[in-house]
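All remarks here apply to the structure that follows.
The values are calculated or read from the model by the stated rules, or taken from the named source; none is laboratory data. Everything quoted here is computed from the prediction, not taken from an experiment. Note that we place each Cβ from the backbone using ideal geometry, even for glycine, and neighbour counts take in every protein chain shown. Only protein heavy atoms, including side chains, enter the accessible area calculation; ligands, DNA and RNA are left aside. Shrake-Rupley method; radii C 1.70, N 1.55, O 1.52, S 1.80 Å.
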Amino acid sequence: MSIKKILTYPFILLVRFYQVAISPYTPSSCRFTPTCSHYTVEALQKHGLFKGGWLSIKRIFSCHPWGRSGYDPVPEVKDKKE
């Protein structure tokens, strides 16, 4: 198992717990597709703890009634050769 997976695993578990145990009992309020919790899991898996965490925080802070909405996918990983 890579160090990236080891570092992100506990955070992904926390988000999964939220998705299963908390989210079903709260009103749906995410303005984006995919939802902020799905975005967070994907960002952590693709980009790792630091960049994925930063992308997730930016996304969560932009999810408010006066912010934008719509389809907002996790950016692809840039090739290091570029």
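Of the residues that sit in region 36-62 and are β-branched (Val, Ile, Thr) and at pLDDT 95 or above, which one is farthest from Glu76 (Cα to Cα)? Filtering region 36-62 for residues that are β-branched (Val, Ile, Thr) and at pLDDT 95 or above, the one farthest from Glu76 (Cα to Cα) comes out as Ile57.
Among residues of region 11-26 that are under 14 Å from Ala43 (Cβ atoms) and modelled with pLDDT of 95 or more, those with a Cβ under 8 angstrom from a residue that is open to solvent by 60 Å² or more (accessible area, probe 1.4 Å) and part of a helix (DSSP H, G or I), sequence gap 6+ or separate chain, pair up as Ile12/Gln45. Pairing each residue of region 45-71 that is in contact (Cβ under 8 Å) with a residue 12 or more places away in the chain and open to solvent by 90 Å² or more (accessible area, probe 1.4 Å) with any residue that is in a loop (DSSP other than H, G, I, E, B) and among the aliphatic types (A, V, I, L, M), provided the two are 6+ apart or on different chains, yields C-beta distances under 9 Å for Gln45/Val74.
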